[in-house]
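The values are calculated or read from the model by the stated rules, or taken from the named source; none is laboratory data. These figures come from a predicted structure and were not determined experimentally. For neighbour counting, all protein chains shown are included, and Cβ atoms are generated from backbone atoms with ideal geometry for every residue, glycine included. Keep in mind that these areas ignore ligands, DNA and RNA; they rest on the heavy atoms of the full protein, side chains included. Shrake-Rupley method; radii C 1.70, N 1.55, O 1.52, S 1.80 Å.
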Amino acid sequence: MHEELKKALEESRYAVFFGGAGVSTESGIPDFRSVDGLYHQKFKYPPETMLSHSFFMTHTAEFYDFYREKMLCLWAKPNRAHLALAELEQQGKLKAVITQNIDGLHQAAGSKTVYELHGSVLRNYCMKCHKFYDVSAITESTGVPRCTCGGIIKPDVVLYEEGLDDKTVNHAVKAIAKADLLIIGGTSLNVYPAAGFLTYFNGSKIVLINKSPTSFDSQADVIIRDPIATVFA
């Protein structure tokens, strides 16, 4: 593990990790904003449009074509960053993982306290009767997946134009406010409201791990520019 990060963790009593797409890219999941990310690929509509609430409501079948092809990366396995974070939690060092990712890889690695700000592709529900469905309801269907009651099944992910889940937000904000060490990894910090959560931190040290500069660099005590899985190895 990177020396400065190791030292920060040794001195910390309440560490919290806040992560984004860069945590999962090393498991092979494409991010949105990098050069080969989703936003730079050519589709009939821009990805922001196809992943919006209004597109889901008005072009549901097309939403699912895109969603099945690009958003479900069920083959992906946790990388060394996911595994290290789970291990730090088991050791009592890390108190929570707050993630903008929707892939469930933190839980797959063994993390227990995970706040998923943007939901998870592994959870789905009927919009009519609220019956819960796992991801097989999406992968084993074609067109628009339907509930036994006839309602449309929707992924439990936060689409553009939708608000974050209040309960998840409250837990995340409380964890950040209690932390003495905040480790930020694999996020450009451009996505609001999630990036605004960092203003709740009153602890002593911020470690920022990201391959490119962020708007938060000036507030970080330690900046590490290496790939996150390498940092945690």
> If we keep just the residues of segment 120-144 that are in contact (Cβ under 8 Å) with a residue 12 or more places away in the chain, open to solvent by less than 50 Å² (accessible area, probe 1.4 Å) and under 24 Å from the mean Cα position of the chain (by Cα), which is nearest to MET57 (Cα to Cα)?
Replying inline: CYS126
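Residue by residue, here is whether (1) open to solvent by 10 Å² or more (accessible area, probe 1.4 Å); (2) within 30 Å of ASP180 (Cα to Cα); (3) in contact with a helix residue (DSSP H, G or I) (Cβ under 7 Å, 6 or more places away or on another chain) holds:
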position: PRO47; (1), (2), (3): no, no, yes
position: PHE56; (1), (2), (3): no, no, yes
position: ALA61; (1), (2), (3): yes, no, no
position: TYR64; (1), (2), (3): no, no, no
position: CYS73; (1), (2), (3): yes, no, no
position: ARG80; (1), (2), (3): yes, yes, yes
position: LEU83; (1), (2), (3): yes, yes, yes
position: GLU87; (1), (2), (3): yes, yes, no
position: GLY92; (1), (2), (3): yes, yes, no
>> For the structure I just gave you, tell me whether TYR160 is at pLDDT below 95, open to solvent by 80 Å² or more (accessible area, probe 1.4 Å) and within 23 Å of GLY104 (Cβ to Cβ).
In response: yes
>> For the list (1) assigned to a loop (DSSP other than H, G, I, E, B); (2) in contact (Cβ under 8 Å) with a residue 24 or more places away in the chain; (3) in contact with a strand residue (DSSP E or B) (Cβ under 8 Å, 6 or more places away or on another chain), I need the number of the one condition that LYS154 fails.
In response: (1)
> Given the conditions (1) closer than 25 Å to SER12 by Cβ; (2) without any contact (Cβ under 8 Å) to a residue 24 or more places away in the chain; (3) in contact with a Lys or Arg (Cβ under 7 Å, 6 or more places away or on another chain), and given that CYS147 satisfies all but one, which numbered condition is not satisfied?
Replying inline: (1)
> Mind checking which residues of segment 169-187 are touching a helix residue (DSSP H, G or I) at 6+ places or on another chain (Cβ under 8 Å) and in contact (Cβ under 8 Å) with a residue 60 or more places away in the chain?
Replying inline: ALA172, ILE176, LEU181, LEU182, ILE183, ILE184, GLY185, GLY186, THR187
> Among the helices (runs of 4 or more DSSP H) contained in segment 42-133, which hold 3 or more residues that are charged (D, E, K, R) and closer than 28 Å to PHE17 by Cβ?
Replying inline: 80-90
> What number goes with the only condition from (1) touching a residue at least 60 places away in the same chain (Cβ under 8 Å); (2) open to solvent by less than 10 Å² (accessible area, probe 1.4 Å) that ASN101 does not pass?
Replying inline: (2)
